[in-house]
Ligand code: XIL
């Protein structure tokens, strides 16, 4: 059933992608294909948005990429500049240089910004674990949130309040991940974080961001169950969570993409009254053969199948990819291809031309039912 559905989708996909790509020149020109509507324009026509993650290096050193981001995106998110290690390098000492620079760029380009992330087990300064172990973690968390979310209050579209909270294999209470925050504060660390953001910046949509809920694999089913339970419990306790971020770090070599399971899962979230945002889309290809054309087809059709299961839900607000060009993807750092070639994980190639993945996004956004824009 899964395989057959997927294959039919792929055929449908090929026909539509061919049409979109035909309208999409592929030469490495300095002025890429501006005549074909950019992703955010297509998204907006459906009441959605499209955006991408920006690294500080990109912002400072790569005007070519930033021009493409300005052209394609309605929202940006910092790859690192809003994380603890960047913002709060020493106890009681903040450095807003990089986060302010992204805010300034975005405001001057009329592009919205999402904040990522306030509470996570990674991206933290070395001093934090020690400080948490000494006690006073709730005060520390509240202070950080007051300083950071307070500084940008009214200027951010969303906050990823807590990132990657669940991990049932850690065998903690409620399927929660064993993190320094859980250890210091127990499960209530999540409630403290959401309440603090609601106070510091009531206008920003409060998001619980999560990965590894995409496939019909047993371990991912366990994560879906844990996430739904956590959300239900949070809402019962009156915790002011408003949306779920699906990171969508996909892997083109995984065949267990079941659109029925995926769309039911998204529906289970939105039936609770929550919104959904696709926050970090990219597609690993490190287990595929080197040939670029076939990798591009596999990556694009994989993303298309995933997006087509998710975007029809009217409570989905938009899609961001984790980067925009194959010039820079975190995947090359954590999952390097054995042949050393760069991954083809993102919508634009290293010359900033639109790839099949761009077309897959365009087609899926075009095919999404219209909705009233809500975030
Ligand atoms: C990654 C960044 O891309 C890297 O540059 C950084 O060193 C580590 O974090 N899920 C997340 C993101 O929520 O914050 C991660 O970003 C990628 C996985």
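The values are calculated or read from the model by the stated rules, or taken from the named source; none is laboratory data. All of these numbers come straight from a predicted model, not from anything done at the bench. Methodologically, a virtual Cβ is constructed for each residue, glycine included, from the backbone with ideal geometry; neighbour enumeration extends over all protein chains shown.
Filtered by the rule that a residue be touching a residue at least 40 places away in the same chain (Cβ under 8 Å), more than 16 Å from residue 249 (Cβ to Cβ) and in contact with a helix residue (DSSP H, G or I) (Cβ under 9 Å, 6 or more places away or on another chain), the stretch 286-297 gives 296, 297.
Looking for whichever is under 21 Å from residue 212 (Cα atoms), surrounded by fewer than 23 Cβ atoms within 10 Å (Cβ to Cβ) and within 24 Å of the chain's Cα centre (by Cα) here; the options are 123, 150, 154. Which one fits?
123
Within the stretch 298-306, does at least one residue satisfy the condition of being within 16 Å of the ligand (Cβ to nearest atom), crowded, with 23+ Cβ neighbours inside 10 Å and closer than 30 Å to residue 375 by Cβ? Scanning the stretch 298-306, I find no residue that is within 16 Å of the ligand (Cβ to nearest atom), crowded, with 23+ Cβ neighbours inside 10 Å and closer than 30 Å to residue 375 by Cβ, so the answer is no.
Kindly indicate the residue of the stretch 161-180 that is within 16 Å of the ligand (Cβ to nearest atom) and farther than 22 Å from residue 205 by Cα and also farthest from the chain's Cα centre (by Cα) among those meeting that condition.
At the first step, the residues of the stretch 161-180 found to be within 16 Å of the ligand (Cβ to nearest atom) are 161-167, 177, 179.
Now drop any that are not farther than 22 Å from residue 205 by Cα, which leaves 167, 177, 179.
Numbers: 167: 18, 177: 19, 179: 21 Å.
The selected residue is 179.
In the stretch 271-281, the count of residues that are on the phi < 0 side of the Ramachandran plot and more than 20 Å from the chain's Cα centre (by Cα) is one or more.
Tell me which helices (runs of 4 or more DSSP H) are completely within the stretch 1-101 and hold 2 or more residues being modelled with pLDDT of 95 or more, or say none if there are none.
Once the helices (runs of 4 or more DSSP H) in the stretch 1-101 are filtered for at least 2 residues that are modelled with pLDDT of 95 or more, what remains is 39-45, 56-61, 63-72, 84-87.
Residues that are touching a helix residue (DSSP H, G or I) at 6+ places or on another chain (Cβ under 7 Å) and within 16 Å of the ligand (Cβ to nearest atom) within the stretch 209-234 comprise 210, 212, 213, 214, 223, listed in sequence order.
For residue 156, the test of being assigned to a loop (DSSP other than H, G, I, E, B), in contact (Cβ under 8 Å) with a residue 40 or more places away in the chain and on the phi < 0 side of the Ramachandran plot is passed.
Table: residues versus (1) within 30 Å of residue 273 (Cβ to Cβ); (2) touching a helix residue (DSSP H, G or I) at 6+ places or on another chain (Cβ under 8 Å).
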{"residue": "299", "(1), (2)": "no, yes"}
{"residue": "312", "(1), (2)": "yes, yes"}
{"residue": "332", "(1), (2)": "no, no"}
{"residue": "343", "(1), (2)": "no, yes"}
{"residue": "347", "(1), (2)": "no, yes"}
{"residue": "357", "(1), (2)": "no, yes"}
{"residue": "366", "(1), (2)": "yes, yes"}
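Counting only residues that are loosely packed, with under 15 Cβ neighbours inside 10 Å and assigned to a helix (DSSP H, G or I), the stretch 130-142 holds 3 of them.
Per-residue answers, yes or no, for (1) without any contact (Cβ under 8 Å) to a residue 60 or more places away in the chain; (2) under 11 Å from residue 208 (Cα atoms); (3) over 18 Å from the mean Cα position of the chain (by Cα):
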{"position": "228", "(1), (2), (3)": "yes, no, yes"}
{"position": "246", "(1), (2), (3)": "no, yes, no"}
{"position": "255", "(1), (2), (3)": "no, no, yes"}
{"position": "260", "(1), (2), (3)": "no, no, yes"}
{"position": "268", "(1), (2), (3)": "yes, no, yes"}
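Residues in the stretch 226-282 that are in contact with a strand residue (DSSP E or B) (Cβ under 7 Å, 6 or more places away or on another chain) and in a loop (DSSP other than H, G, I, E, B): 240, 241, 242, 247, 248, 252, 274. What is the number of the single condition among (1) within 15 Å of the ligand (Cβ to nearest atom); (2) surrounded by fewer than 19 Cβ atoms within 10 Å (Cβ to Cβ); (3) farther than 29 Å from residue 260 by Cα that residue 328 does not meet? Exception for residue 328: condition (2).
All conditions in (1) over 20 Å from the mean Cα position of the chain (by Cα); (2) free of Cβ contacts under 8 Å to residues at least 60 places away in the same chain; (3) within 16 Å of the ligand (Cβ to nearest atom) hold for residue 107, with the sole exception of (3).
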